[in-house]
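The values are calculated or read from the model by the stated rules, or taken from the named source; none is laboratory data. Since we're looking at a predicted model, the values are computed, not measured. Don't worry about glycine lacking a Cβ; one is built from the backbone with ideal geometry, like all the others, and counts go over all protein chains shown. For the accessible areas, the whole protein counts, side chains as well, though only heavy atoms, and no ligand, DNA or RNA atoms are used. Shrake-Rupley method; radii C 1.70, N 1.55, O 1.52, S 1.80 Å.
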Amino acid sequence: MSTMNLTPKAAALLERWVQAASDIGPALAGEGDLTWTEVRDSYGKQLAAALPAPHGVSFERVELDGVPTMLVVPDEVTDDRALFYIHGGGYVHGAVEAYVGLAGHYAKRLGARVYVPDYRQAPEHPFPTPIDDVFTAYRALLAAGTAPGKIAISGDSAGGAMVITIMRKARDAGLPLPVAGVAISPWADLTHSGPSVRSRAGLDPLCTGEFLDDLARAFLGDALATDPDASPVFAEVRG
């Protein structure tokens, strides 16, 4: 694990993040006493405590065509703006509760309602269910009358990959695209065939290549890692 050049505050936060993720590896290996629901609940609660919601926002649960969604509303909304945010977690262990801090700060700084879909996850619901749920939620947000010119879409890790996939699926379905898309550290190649997986081994403080391989197997089921919905580096993204 590398923590070089981190401030003391960042190092302390990283340590809390590592602790929050400590049950994931045993669960992937079929070890440990926790169910996947318990793993996700614990992860979400610990990250929510480490990265709490700011003042000046409210939270509620809504549904977007049957997909449960965390809605974050700031005290002041500018021009009906909306951010559609897709949480990370390797399609396996993420939790919307882990994002109360990030989503809350986005809501305040953007003056936007933030929708975070609570999509179903593997291994109970493998590929393509998480992606299908998120695409259903995006379509529902449009159908509810939210103007596409007021929607931005963003996400991190697996959610960052889904930013690209959802925009491509919207393009192929003839649906309006959001005004902007931001993929944060996207998990965009589940083959892990790039040289940096080996040349930079040991530098990432949270993930190893072996851990990512285990996540990919749990998510993909019988699908290929080269499927463009799973790995958008293999997708045609023009337009």
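General remarks:
- Legend: residues Lys150, Lys9, Lys169, sorted from most to least accessible area (1.4 Å probe; ligands, DNA and RNA excluded), read Lys9, Lys150, Lys169.
- Cα gyration tensor shape for region 13-82, rounded if a/c is under 1.5, else prolate or oblate: oblate
- Rounded if a/c under 1.5, otherwise prolate or oblate - region 91-132, Cα gyration tensor axes: prolate
- Coupling constants for region 65-77 follow from the phi torsions by the Karplus curve (6.51 cos²θ - 1.76 cosθ + 1.60, θ = phi - 60°), and in residue order they are 6, x, 8, x, 9, 8, 10, 10, 10, x, 4, 10, 9 Hz; glycine and proline get x.
- Region 13-141 - accessible surface per residue (Å², probe 1.4 Å): 45
- Label-to-label distance for Leu203 and Asp132 is 3.9 nm, based on points extended 7 Å past Cα in the beta-carbon direction.
- Note on the chain: with a GNM built from Cα contacts shorter than 10 Å, the maximum mean-square fluctuation among Ala147, Ala11, Ala48 falls on Ala11.
- Here the chain is treated as a Stokes sphere of Kirkwood radius computed over C-alpha pairs; at 37 °C and 0.692 mPa s its diffusion coefficient rounds to 179 µm²/s.
- Estimated from helical segments only, the mean residue ellipticity of the chain at 222 nm is -11500 deg cm²/dmol, where each DSSP H run of four or more residues counts as -39500 (n - 2.57).
- 5 angstrom amide H check on Ile153, placed H, neighbours 5+ away: Phe84, Ala180, Gly181, Val182
- Cross-link table Lys45/Lys150; Lys108/Lys169; Lys9/Lys108, entries beyond 27 Å C-alpha to C-alpha: Lys45/Lys150; Lys108/Lys169
- Solvent-accessible area per residue, Å², over region 190-239 with all protein chains present [probe radius 1.4 Å]: 62
- Straightening the chain between Ile184 and Ser58 buys 42.9 nm, computed as 0.36 nm per residue apart minus the Cα-Cα spacing.
- Carbon + sulfur, % of accessible area of the chain - ligands and nucleic acids excluded, 1.4 Å: 53
- Whole-Hz Karplus values for region 214-219 come out as 5, 4, 4, 5, 5, 7 Hz, taken residue by residue from phi with 6.51 cos²θ - 1.76 cosθ + 1.60 and θ = phi - 60°; glycine and proline positions read x.
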